[in-house]
Amino acid sequence: MNELTQKLSDQGPRLMRASFRWRDLGDSRWLGYWMVTPAVLALAGLILAPLLYSTVLSTYSWTLLEIRLPKPFVGLMQYSTVAHDPLFGEALKTTGLFVVGTVSVELVLGFLIALALLNIHRGRRLANGIILLPMIVTPVIVALIWRYLLDPQFGLVNYAIHLLGYQQDIPWLGSNSLALPSLIVIDIWEWTPFAILVLHAGMLAIPDDLYEAARVDGAGAWQIARHVILPYLSPLILVVLLLRTMDTYRVFDTIFVLTRGGPGTSTQTVGIYAYENGFVYLNMGYTMALSVVILIAIVVISLFYLRLLQRRPQW
Amino acid sequence: MRFRSFRSVSLLIGLALSLAVVACGGESSSGSPPAPTKAGTPVGKFPGATVNLIRWAGDPWEAATKDAATRWGQTTGGTLNINAIPYENLQTKESLDLSSGTGSFDILYVHPTWFGQYASAGGLQPIDKYLSDGSMNPSGFSSSEYIPSILNQGKFNGTQYCLQDQISTILVAYRTDLYQQAGLSAPTSWTDLLTNAPKLAKPGVAGLAIPGKAIGDVSDIMSSLITAQGTWWFNPQGKASLDVAAATKAVQFYIDAGKLSPKGMLNMHYDDVTTLAAQGGAAQVVTLSTELAWLNDPAKSKTVGQWAYTPLSINGKAGGELIYWNWCINKSSKNPKAAYSFLQWYTGTSEQAKFAPKAATGAATASFYTDQTLAQALPFLPAMQQALANSNAQPSLATWPKLQDQIEHDVQAALSGTTTAAQAAQAMDQQLKSTLGT
Amino acid sequence: MVTTSKRSALLSYLVVLAFVLWVVMPILVILQNSLKPTLLIFTIPPTWAFWPTFDHYAHILSEVHFQQFLLNSTIVSTTTCLLSLAIGSPAAYALARLRVRGRAPLAFLILLARMVPAFVLVVPLYTAFVFLHGINTYWAIVAAHVSFTLPVVIWMMRSFFEDVPIELEEAARVDGATQLGAFIRVALPLVAPGLAASGILCLLFSWNEFLFALILSGRDTQTMPIGVSNFIGTVSIDWGGSSAAAILAMIPVFILGLSVQKFLVRGLTMGAVKG
C-alpha cells in the first residue's frame, strides 16, 4: 500500500470500504439503536398500539358479534356511562378491599416469616425451596386446589372445623359475606411467599456489623427487627407494596375460575367486570371505555408509589 | 332335514320380499337418489369430511353425543369431533368463534338466550332448504315431525336456523317413603311443599332443596313460578308485561324455600341439590327434569325408587318454563351439509330415545311423547307433560342476557335478606320496563 | 442469625415449620386425590389410607387427551421465550452498556407493561387479531405472551449484563473487537446462566398464563390452563381427573421454578432485587 492508503486505513476500516460490512455495524454510533429498536417496536406494537386502538374504538358503540359491521360513533358517551355505572363503582370498591386485604396481610406475614427464616440455620434452603411453590403453581391450578379444600360438603377445611366442634357446613365460596374473604386468603396463600423471599433477600443484604452493634448494645430480637431491619428495609417494603398492589389489582384467573364474580357481585373485581361486559354481554365498545378508565386508575396509583420510592435513598 | 330346508326357504322368501319393498320404496320417490327408509340412519355420505361440534360438558348427554358421533362417522365416512367445555364458558367460546369467522366449530349448541344475538349478527346457517330437500332427509320425513311450538323457537325473522333437543322443565320430586312416614298426602301446590318441609326434615335431611345459583337456575325457576300464575316477563310484541303481584308471590316462595334449603344454596346449581337429594340429603327437591334420572340411578343414588313427581303448581294450575337447547350450524362452516346430516338424525326420536332413559331429556319430536317404553323408563313424563301444557319458552331476546342477570341478582338479594320480595319484584319490573319498554 | 437466644430460635423454627406445612398441605392433598379411587374422594371423614390407582391419569391422557393441551403450552411457551430472549438480550445489553436515546421510551414501556392488566389488553388484541386472521393460530397467543415476558427478560438481562465486569469487554476491544463483537463473544457467554434463568422464568410466566390463552386460542391451540379450567365447570366436577391434570401440569412448573430458585426474586421484582 502507498502512503495515502496507509493513512486512510489507520483512520478506520469504514473509510476504506465502499460496501457495508458487519464490522461497521459493530462499531457504529447506531449500534445501540439497532439493539434497542426491535424491543421498542415489539412493546410499542404489543402494548401501546392496542391501548390506543382500544381508546379509539371506545368511542364507537359495538358488540362482539357485530365486529365486522359498521359501528356507530358515539364519542365520549360511553365514558359518561362508566362514570355513572353503579356496578363499576362497586367493582372498584371490591377490588380496593381485595387489594388492601391481601397486600397488608402479605406484607406483615411476609416480614414475620422472613424474620423467622433469618433465625434458623438448618433447613433454610429447603424451606426457601418449598416456600416458593405457591407462587409458581399455575393460578388456575391454585383455584382448583382451593375449590376442593373449600367445598362445603367434602372439603378439608370444613372437615377440620367439624373436628374442632363446629358442626355446620360453611359455604365459603357460596356466601355473599365469606366469598371475598376466602379469595383474599387464597391470594395470601399464593403470594405471601413473594413477600417472604424478597424481604428475606433484603435482610440478608444488611451488613453483619449492624446486627453485631445492636446485639452488643443488648437489643433483643424484636428490637433489632424494629430499629435495624425495618428502617433498612423500608425502600424494599415499598417495592413489595408497589408490585403486589399492581399485581393484585390485575388479579383475574383465580377469581374467574372460583366464583366468576359471585355470589351476586360480592367478588366482582374490575377485571371480572370488564370480562363480563366484553365477553359475556359482548358489549365491546363499553368494555374498551371501562378498560381505559381502569388503566388510568392503576397508572395513577403506581406513579404515586414510584414517587414515594424516588424520594427514598437508593438501596 | 325337512324342517331346516323349510326355514331356509322361508328365509330366502322373506329376504326377497324385503328387497322388493326397498326397491319399490326407492323408485316411488321423485327421482332424487334413494334415501334409506329406516328413520334411524343418518343420510348422506361424507368421506373424509371433518365436522367439529361444541357443547357443554356433562354426562350422560356428552357421552350420548360422543357415541352418536362415532356411529354417524361409521355410517357416513366422516369424522365428527366433540368439543365439550364447561357450560359457563360456552357462550364466550361460541361468540369468539362466530365473530372471528374462523369456523372452528361447525355445529354449535346454542342456548335460547344467545340464539337471537347469533342469528341477528348473521352467524348461523339457514336450514329451511335442508329441511325440505328430499336427498338430505330420510324418505317420508318432513319438518312437521317436530312439535311446532318447539321448532318455531329456532326461527328468526321467518328463517329456520336450528333444531331442538334437551327439552326439560322445572319439576319437583318428593320422597314417597318420607311422606308416608310423616303421614302426609301428596303435594298439590307449592304452598304444600313449604308446609310439608318442616315435617319432613330430619338431622341430615333437609325438608326442601332449591338451587339459587345465578347462572340461569334462578331465572328458570322464577319463570316457571310466574308461568303457573299466568303471567310472563314480556308479551308477544316483546314489551314488558310482568304482573308485579305474581312476581312478588314467586319471590316470596323462593325466599321461604331458600330458608328450608341447605346452607350455601346461593351457590348451588341443579347438580348440587339433585346430588344431595339422591344421596338422601333432602326430602323434596326443585330441580331440572333432566336431572331427575339421577334419583333412580343406582350408581348415583341411595334413594332409588322412592320418588314421585309433580310440576310447580298454584291454585290448581301447573306451569313450567319450556327449556330447550338449539343445535345450529355455523355460517362459516365448511361442511354445513354434513353438519345437517348429523343434526337431523340426532334430534330424531330414535336417537333421542337411546339416551333419554339415562338422561331424562325430552325430544322435540311428537312421537317421543307417545312412546310406551319411554314412559316406563321416565316416570316423570306425565308431570313433564302437565308442566309443558302451560309453558313459556325460555326467552331468546337479544337483550335477555343482561336482563336475566339483573333479575337473578334481584332475587339473590331477596334470598340473602338484603331486600324484600316486594322490592325485588319492583326492581325486576323496572328493569324490564326500562329495557323492553311497555 | 438475628439473635442468639435459643428460645427465639425455637420459636422461629416453629413458625417456619407451620408456614411450610400450610404451604405444602394443599398441594399434597391434590396429589393424594389424583391417586384416590373416585368414590373415596367423597368420603367424610376423609380416607387417608388407600390403594393408589392410576386410573385418573390414564383417563385424562386417553380420553380427555390432556397431552394436547400440554403440547400446545410447550409450543407457545418455547416460541415466546426464544423470541423474548432474542429481542430482549440485545436491548438489555444496550441499556446496560451503551448510551442510547431509546432508554427512556424503553423504560417507560417496560413499566407500562407491568401495570397493564391482561383483561385490558386482551380486548383490543382480540379485535386486532380477528382482522389479521390470527385467531386459532399460535402466533396470536405468542404475541400476547411476549408483551409481558419481554419486559421481564430485558430487565433481568440488564442486571446480569451489569454484573459482567466491563474490563473484560474493554480488553476484547483493545484486541480489536468491535462493540458488537464484544457483546457476542465476551458478554453473552458470560451471562449464559442469566440467559438460562431469564429463559426459564419466561417459560414459567408463559406456561401459567390463562386469560390471553382463553380468548385468543382457537379449537386447536388451547393451552394447559384452559385444559385444567375445563375440569372446573359447575356440571359434574371430575375431582380425580382434574387432580391428575393438575399434578401433570405442576411437574414442569416445579422443575422450572426450582431450577431458577436463585433468580426468582430478581425476576419477580424486575431486577430491582438481586436476591
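The values are calculated or read from the model by the stated rules, or taken from the named source; none is laboratory data. Computed from a predicted model, the values in this text were never measured in an experiment. A quick note on method: Cβ atoms are made from the backbone with ideal geometry, for glycine too, and the neighbour counts reach across all protein chains shown. When the accessible area is computed, the model is the full protein with side chains, heavy atoms only, and any ligands, DNA or RNA have been set aside. Shrake-Rupley method; radii C 1.70, N 1.55, O 1.52, S 1.80 Å.
Being of a type in the set (Lys, Arg) and more than 25 Å from B:Ser135 (Cα to Cα) is the filter here, so list the residues in the stretch B:43-87 that pass it. Listed by number, the residues that qualify are B:Arg55, B:Lys66. Going residue by residue through the stretch A:232-247, is there one that turns out to be touching a Phe, Trp or Tyr at 6+ places or on another chain (Cβ under 8 Å), among the basic types (Lys, Arg) and buried (at least 22 other Cβ atoms within 10 Å of the Cβ)? Looking through the stretch A:232-247, at least one residue is touching a Phe, Trp or Tyr at 6+ places or on another chain (Cβ under 8 Å), among the basic types (Lys, Arg) and buried (at least 22 other Cβ atoms within 10 Å of the Cβ).
Scanning the stretch B:362-381 for residues that are open to solvent by 40 Å² or more (accessible area, probe 1.4 Å) and either among the polar types (S, T, N, Q) or under 16 Å from the mean Cα position of the chain (by Cα) (or both) gives B:Ala366, B:Ser367, B:Tyr369, B:Thr370, B:Gln372, B:Thr373, B:Gln376. Once the stretch A:135-159 is narrowed to residues that are within 7 Å of another protein chain (Cβ to nearest Cβ) and assigned to a loop (DSSP other than H, G, I, E, B), the residue that is farthest from C:Ala246 (Cα to Cα) is A:Pro152.
Being closer than 28 Å to B:Glu88 by Cβ, in a helix (DSSP H, G or I) and in contact with a strand residue (DSSP E or B) (Cβ under 9 Å, 6 or more places away or on another chain), is that true of even one residue in the stretch A:242-252? No - not one qualifying residue is present in the stretch A:242-252. Take the residues in the stretch B:289-304 that are modelled with pLDDT of 90 or more and not in a helix (DSSP H, G or I), then tell me which one is farthest from B:Ser168 (Cα to Cα). For the stretch B:289-304, the residue satisfying everything is B:Lys302. Just to be sure, is A:Ile67 within 9 Å of chain C (Cβ to nearest Cβ), open to solvent by less than 30 Å² (accessible area, probe 1.4 Å) and either modelled with pLDDT of 95 or more or closer than 30 Å to C:Trp155 by Cα (or both)? It is false that A:Ile67 is within 9 Å of chain C (Cβ to nearest Cβ), open to solvent by less than 30 Å² (accessible area, probe 1.4 Å) and either modelled with pLDDT of 95 or more or closer than 30 Å to C:Trp155 by Cα (or both). Inspect all residues belonging to the stretch C:133-141 and state whether any of them is under 26 Å from C:Leu256 (Cα atoms), out of contact with any strand residue (DSSP E or B) (no Cβ under 7 Å at 6 or more places or on another chain) and open to solvent by less than 30 Å² (accessible area, probe 1.4 Å). Among the residues of the stretch C:133-141, at least one is under 26 Å from C:Leu256 (Cα atoms), out of contact with any strand residue (DSSP E or B) (no Cβ under 7 Å at 6 or more places or on another chain) and open to solvent by less than 30 Å² (accessible area, probe 1.4 Å), which makes the answer yes. Looking only at residues of the stretch A:71-96 that are open to solvent by 60 Å² or more (accessible area, probe 1.4 Å) and assigned to a loop (DSSP other than H, G, I, E, B), we find that the one that is nearest to A:Ala297 (Cα to Cα) is A:His84. What pairs can you find where one residue is in the stretch A:67-78 and without any contact (Cβ under 8 Å) to a residue 24 or more places away in the chain, the other is open to solvent by 40 Å² or more (accessible area, probe 1.4 Å) and of a type outside the set (Gly, Ala, Ser), and their Cβ atoms are less than 7 Å apart, with a gap of 6+ or different chains? Going by the 7 Å Cβ cut-off, the qualifying pairs are A:Pro72/A:Tyr60; A:Phe73/A:Tyr60.
Can you name the residue in the stretch B:59-79 that is touching a strand residue (DSSP E or B) at 6+ places or on another chain (Cβ under 8 Å) and within 10 Å of chain C (Cβ to nearest Cβ) and is also modelled with the highest pLDDT among such residues? Among them, the one singled out is B:Lys66.
Has the stretch C:91-105 got at least one residue that is among the charged types (D, E, K, R), in contact (Cβ under 8 Å) with a residue 12 or more places away in the chain, in a helix (DSSP H, G or I) and facing chain A (nearest Cβ under 7 Å)? So far as the stretch C:91-105 goes, no, none of its residues is among the charged types (D, E, K, R), in contact (Cβ under 8 Å) with a residue 12 or more places away in the chain, in a helix (DSSP H, G or I) and facing chain A (nearest Cβ under 7 Å). Need pairs with beta-carbon distance below 9 Å; first residue surrounded by 14 or more Cβ atoms within 10 Å (Cβ to Cβ) and within the stretch C:11-26, second assigned to a helix (DSSP H, G or I) and of a type in the set (S, T, N, Q); sequence gap 6+ or separate chains. Close Cβ pairs (under 9 Å, with a partner that is assigned to a helix (DSSP H, G or I) and of a type in the set (S, T, N, Q)) amount to C:Phe19/A:Thr192; C:Val23/A:Thr192. Restricting attention to the stretch A:122-134, the residues that are within 7 Å of chain C (Cβ to nearest Cβ) and assigned to a loop (DSSP other than H, G, I, E, B) total 1.
When residues in the stretch A:289-302 are screened for being at the interface with another protein chain (Cβ under 7 Å from one of its Cβ atoms) and within 15 Å of the chain's Cα centre (by Cα), 5 of them pass. Counting only residues that are more than 23 Å from the chain's Cα centre (by Cα), of a type in the set (Val, Ile, Thr) and not in a helix (DSSP H, G or I), the stretch B:232-288 holds 0 of them. Only a single criterion out of (1) closer than 30 Å to B:Tyr179 by Cβ; (2) outside the structural domain of B:Gln252 (by TED's automatic domain parsing) is not satisfied by B:Thr347, namely (1). Residues in the stretch B:206-231 that are touching a Gly at 6+ places or on another chain (Cβ under 8 Å), in a loop (DSSP other than H, G, I, E, B) and open to solvent by less than 10 Å² (accessible area, probe 1.4 Å): 2 in all. When the residues of the stretch C:192-204 are filtered to those that are surrounded by fewer than 22 Cβ atoms within 10 Å (Cβ to Cβ) and not small (Gly, Ala, Ser), the one that is nearest to the other protein chains (Cβ to nearest Cβ) is C:Ile200.
Is there a residue being within 21 Å of A:Ala39 (Cα to Cα) and surrounded by 21 or more Cβ atoms within 10 Å (Cβ to Cβ) anywhere in the stretch C:161-176? For the stretch C:161-176, residues within 21 Å of A:Ala39 (Cα to Cα) and surrounded by 21 or more Cβ atoms within 10 Å (Cβ to Cβ): present.
Those helices (runs of 4 or more DSSP H) of the stretch B:80-137 in which at least 1 residues are among the acidic types (Asp, Glu) and more than 14 Å from chain C (Cβ to nearest Cβ), considering only elements entirely within it, cover B:128-132. Cβ separations smaller than 8 Å between residues 6+ apart or across chains give the following pairs from the stretch A:97-121 residues that are within 13 Å of another protein chain (Cβ to nearest Cβ) and crowded, with 17+ Cβ neighbours inside 10 Å to residues that are among the hydrophobic types (A, V, I, L, M, F, W, C) and not in a helix (DSSP H, G or I): A:Leu115/C:Val2; A:Leu118/C:Met1; A:Leu118/C:Val2; A:Asn119/C:Met1; A:Asn119/C:Val2. Among the residues of the stretch B:252-263, is any modelled with pLDDT of 95 or more and among the hydroxyl-bearing types (Ser, Thr, Tyr)? Looking through the stretch B:252-263, at least one residue is modelled with pLDDT of 95 or more and among the hydroxyl-bearing types (Ser, Thr, Tyr). If you check A:Tyr305, A:Tyr273, A:Tyr286 for being more than 10 Å from every other protein chain (Cβ to nearest Cβ), aromatic (Phe, Trp, Tyr), open to solvent by less than 20 Å² (accessible area, probe 1.4 Å) and within 21 Å of C:Ala118 (Cβ to Cβ), only one passes: A:Tyr286. Within the stretch A:149-194, the residues that satisfy the criterion of being of a type in the set (Phe, Trp, Tyr) and open to solvent by less than 10 Å² (accessible area, probe 1.4 Å) are A:Trp189, A:Phe194.
Taking the condition of being in contact with a Ser or Thr (Cβ under 9 Å, 6 or more places away or on another chain), among the hydroxyl-bearing types (Ser, Thr, Tyr) and more than 14 Å from A:Phe88 (Cβ to Cβ), how many residues in the stretch A:253-307 meet it? Residues meeting the conditions: 5.
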